[in-house]
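Written out below as C-alpha cells is the structure these notes cover.
A short reminder: the numbers here are calculations on the coordinates, not readings from a lab. All figures in this text were calculated on a predicted structure; none of them were measured in a lab. Because the Cβ atoms are built from the backbone with ideal geometry, glycine has one as well, and the counts that use them run over all protein chains shown.
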C-alpha cells in the first residue's frame, strides 16, 4: 500500500512556487501524483497528493523543510499524512 500525504500551499502569487515545492519533493524521493492549483486575484492556492513511501528522511524533517521553504517565500506550506487529512475532513 502506498503511503500518501497532502501538501498545501497558500500565499501571495509569485514566480517559482510550483518549482520550489516540486524540487524539494524530488530531492527527497517524494512522488507527486496529483496537483490542483488556483489563483484568486493575487492569492495562490495549491494542493498536491504525494507518495511518501520512498521518502529518504523522516516525515517530520520533510514537513519542516517545506515549512521553512514557505517562510522564505512568504507562503504557508504544510504537509500531512493522508489518514490525518481524511480524518479531519470526514463528516
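When 33, 23 are checked against the criterion of being under 13 Å from the mean Cα position of the chain (by Cα) and free of Cβ contacts under 8 Å to residues at least 12 places away in the same chain, 23 stands alone in meeting it.
Within region 65-87, which residues are free of Cβ contacts under 8 Å to residues at least 12 places away in the same chain and within 16 Å of residue 16 (Cβ to Cβ)? 68, 71, 72, listed by residue number. When region 55-64 is filtered for residues that are crowded, with 16+ Cβ neighbours inside 10 Å and touching a residue at least 24 places away in the same chain (Cβ under 8 Å), the ones remaining, listed by number, are 55, 62. For the structure I just gave you, tell me whether residue 7 is in contact with a strand residue (DSSP E or B) (Cβ under 7 Å, 6 or more places away or on another chain) and in contact (Cβ under 8 Å) with a residue 60 or more places away in the chain. The answer is yes for residue 7.
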